[in-house]
1. Diagonalise the Cα gyration tensor of the range 2-192 and give the resulting equivalent ellipsoid semi-axes, square root of 5 times each eigenvalue, largest first, whole Å.
2. Show me the ranking of peptides 45-52, 125-132, 85-92 by mean Cβ neighbours inside 10 Å, starting with the highest.
3. Could you name the aspartates and glutamates whose alpha carbon sits less than 17 Å from that of K35, not counting residues in the same chain fewer than 8 places away?
4. Is it possible to state the helix-based mean residue ellipticity at 222 nm for the chain, with each DSSP H run of 4+ residues giving -39500 (n - 2.57), the sum divided by total residues, to the nearest 500 deg cm²/dmol? What is it?
5. Do the alpha carbons of any pairs in K12/K172; K98/K172; K50/K98 sit beyond 19 Å of each other, and which pairs?
6. State the antiparallel share, in %, of DSSP beta bridges confined to the chain, rounding to the nearest 5.
Amino acid sequence: MRIVIATQNPNKVREFAEILGSCAELVPLPPSMPKAPETGETFMENARQKALFYASRVGDPVLADDSGLVVPALGGAPGVRSARYAGAGADDQLNNQKLVQALRDKGLRQAEAWFACAIVVAHRDRVLVEVESKVDGLVHDEPRGEQGFGYDPLFSPQGESRRFAEMSAREKHLFSHRALAVRELQTRWPALTAK
Ligand code: ITT
């Protein structure tokens, strides 16, 4: 089926393509599309906002992802502000630097953390399905690895000493919040499963 991947983050587009493979024909957002509002206090609220915003502007069903890293020892930061933790327009490197500093300021070399991913599929003015998944692990005060994006150099999933950024895409998707959420989505919404 044709589905619009309603994100302006090219790394998310790449990961959805890797995870979904031939299960769907993925269509990117038109380049001229304005950025959707993200004023919610939860990943799910934001995913819903984005899905409905873009679904009202394109014809096909859209899939929106709101995701981020939650560190309870830092009061839940970066949380729903993951993309803009070091300020509006901050890049991954600045966000990572701020997170490392926040851990060190607390005297922590590492802390328990999880990545969360909420996915909402909407068509026109209607939400069709919504799911949320997470992966538990540790966040560390020094980056490692070159793969992936975002906070991947700082995060190791439970039971693994390697960071996401030290894994191939295929290995990351064995653990990742996004891959888990897609698997759940396919269970709840079989239209997204290869025939
Ligand atoms: P859209 O809203 O257009 O989808 P965005 O990047 O602003 O793009 P979010 O608001 O959901 O998306 O912010 C997600 C941020 O969380 C992202 O920029 C990364 O910093 C981080 N993040 C999410 N998933 C991640 C992953 O798999 N690995 C590393 N960091 C991730």
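Values in this text are rule-based calculations from the coordinates and carry no lab data. Note that this is a predicted model, so its numbers are computed, not measured. Reconstructed Cβ throughout: ideal geometry from the backbone, glycine too, with neighbour counts over all protein chains shown.
1. The three semi-axes for the range 2-192 are 28, 18, 14 Å.
2. Put in order of decreasing packing, that is 45-52, 125-132, 85-92.
3. Partners found: E45, D65, D66, D91.
4. Result for the chain, helices only: -9000 deg cm²/dmol.
5. Long pairs (Cα-Cα over 19 Å): K98/K172; K50/K98.
6. 80 percent
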